[in-house]
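In what follows, a single structure is set out as C-alpha cells and then discussed.
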Amino acid sequence: MRITAVKCLQLKFPYEQPIYDALFKAGHRQALLVEVHTDEGICGIGEAASFGGPMSSTAEVIENELAPRIIGEDPFCVERIWRKLYYRSWQHGRGGIVVCAISGLDIALWDIIGQKTNTPLYKLLGGYTDKVTAYASGGFYRRDKGTKQIAQEMKLYVEQGFKAVKMKVGRNKTAMNPLEVMPDNDFTYSLAEDLERVAAVREAIGPDIKLLVDANAAWDQQTALKMGKEFDKLDVYLIEEPVCTDNHSASNLLVRNIMAKIGGYETEQLSFNFDQLIKNESVDVVQPDLSWAGGITECRKIANMAYVSHKEFAPHCFSSAVLLAASLHMLCAVPNAGLLEFDRNPNGLREEIVKKPLRIDEEGCVSVSQEPGLGLELDYDKIEKYLEK
Ligand SMILES: [Mg+2]
C-alpha cells in the first residue's frame, strides 16, 4: 500500500456571539482537516491544530513542504515517516506549525492502518477499555455571562449527565498576564470575581461533581498559588495551565502546594518537551493535544512516559469531530487515562460533519467506535457547508 495524495480541508464555523478564555477571543471555530489518500482507495482523515493563527499557513506546510516527502511511502511505517517529516524540517520549525502539520498527517496515517486492518484504532494502540468518563468543557467568558449565568450553564451540563465540568479563569489584570497585549483586553475580571464565579458554580453543581478550572497559562506564580489555595477550599479537582507553559518551576511549586491536580500543557509539543514537564514534576495530569503535540505516534510516547511516572494522561481536545474521535481512541488505549475533554460550546464542526456525533451515556461516559480506524462516517455535504478552502 502506498500514499498517493494529501489534501487539506479548511473548515470554519461562525459564532453568533464571541466567547473568551483567559487570553483569546473566539468569534468562530476553525478546523484544518487532512486527507491522506492511498493506491488502494483507502483515505485516512486527520486534523492539524491551528490555534493562534490562520489555517492557511499550516495547510501550506502540509501540502507543499511535507506531503511530497510521504507520497509513495507505506502508510504503516508511521515511526519512519514521522522522523522523515520532522528531521527534514528540523531547522525550519522544531515545533510550532511544522509539528501541528505533522500531527494532522500522522493521525490520518493511523486511520488508514485501522481501516486496512479492519480494526478500531484504540485496539491497535493497546485496547485497554471501550469507554471513558468525559467532562463538559465550557464555562467560557462572554460579555453577557455573569456569575448567575455561568452557574446555570455548568448546572445544565450536570443535568445532561456529566460528572465533571470545566470553566475558565484567568482573564485578569495580573502581573505578567499576556492578556495585556491581546485585543479586547478591556474585558477583564478581578481575581475576586473569578473566585465568586467558581464558588457559585460549586454551589450550583453540588459537592459530588468534579470541577475543573482552566487559566490558559495566564498567571504568574504568586497569583496561581494564591488562587490555587482558594480553589482548594472549593474542592476544585484540577487546575489546567495555571502558569506560563515554560515556567516549569512555578508549575512544580503548585504541584507541591495545591491539593487540586495541576494539568497541562496543551500549548507544549513533542515528547522531548513533555519529558521535561514530567521529570520536573510540573504536572499531575499530562495533557498534550494529538493535533498539536505531534500526532498519535508522538502522543502514545507521551502517554507511556506519563504512565511510568504514575501520572494521568488526558489529552487536550477542543476542535472538530475528527480530533474528538482520535482523542477518545487514544484514551481508550492506555491504562492511565484521565477524563475525556468534551467541548460543549456550539460547534457544527463537532456535531454536524459526522453522521454519528459522540454522546455521553447516563453515567457520563463516552463509548469508542468499534468501526475500523477512527470509525468516522463523514458528512461531506456538511463539510462543504463549512469549507473555507
Ligand atoms: Mg486549556
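Things to note:
- Candidate set: region 243-252, residues that are under 19 Å from ALA306 (Cα atoms) and in a helix (DSSP H, G or I); chosen: the one nearest to the ligand (Cβ to nearest atom): SER251
- Among the residues of region 166-198, those that are part of a helix (DSSP H, G or I) and out of contact with any helix residue (DSSP H, G or I) (no Cβ under 9 Å at 6 or more places or on another chain) comprise PRO178, LEU179, GLU180, VAL181, ALA192.
- Qualifying residue in region 93-116 (condition: surrounded by fewer than 17 Cβ atoms within 10 Å (Cβ to Cβ), over 22 Å from the mean Cα position of the chain (by Cα) and not assigned by TED's automatic domain parsing to the domain that holds CYS332): no
- Boolean, LYS356 is assigned to a helix (DSSP H, G or I) and open to solvent by 20 Å² or more (accessible area, probe 1.4 Å): no
- So ALA293, is it within 14 Å of the ligand (Cβ to nearest atom) and touching a residue at least 60 places away in the same chain (Cβ under 8 Å): yes
- Test: residue in region 48-57 that is away from the ligand (no atom under 16 Å from the Cβ) and in a strand (DSSP E or B): yes
- Among the residues of region 17-41, those that are away from the ligand (no atom under 16 Å from the Cβ), in contact with a Pro (Cβ under 8 Å, 6 or more places away or on another chain) and open to solvent by 30 Å² or more (accessible area, probe 1.4 Å) comprise GLY27, HIS28.
- Checklist (1) within 16 Å of the ligand (Cβ to nearest atom); (2) open to solvent by 10 Å² or more (accessible area, probe 1.4 Å); (3) within 19 Å of ILE278 (Cβ to Cβ) applied to PHE318, failing item: (3)
- In summary, GLN269 fulfils each of the numbered conditions (1) in a helix (DSSP H, G or I); (2) closer than 22 Å to GLU341 by Cα; (3) out of contact with any His (no Cβ under 9 Å at 6 or more places or on another chain) with the single exception of condition (1).
- Residues being more than 11 Å from the ligand (Cβ to nearest atom) and either assigned to a strand (DSSP E or B) or open to solvent by less than 10 Å² (accessible area, probe 1.4 Å) (or both) - total across region 212-242: 6
- Evaluation of GLU79 against (1) in contact (Cβ under 8 Å) with a residue 40 or more places away in the chain; (2) in a loop (DSSP other than H, G, I, E, B) (one fails), failing number: (2)
- Unique residue being within 16 Å of the ligand (Cβ to nearest atom), closer than 25 Å to MET154 by Cα and of a type in the set (Val, Ile, Thr) when the list is ILE209, ILE258, ILE262, ILE205: ILE262
- Residues located in region 280-295, provided they are closer than 15 Å to PHE313 by Cα and open to solvent by 20 Å² or more (accessible area, probe 1.4 Å): GLU281, ASP284
The values are calculated or read from the model by the stated rules, or taken from the named source; none is laboratory data. A quick note: this is a predicted structure, and the numbers were derived from the prediction, not measured. Note: ideal-geometry Cβ built from the backbone for every residue, glycine included; neighbour counts use all protein chains shown. What goes into the accessible areas is simple: the full protein's heavy atoms, side chains included, and nothing from ligands, DNA or RNA. Shrake-Rupley method; radii C 1.70, N 1.55, O 1.52, S 1.80 Å.
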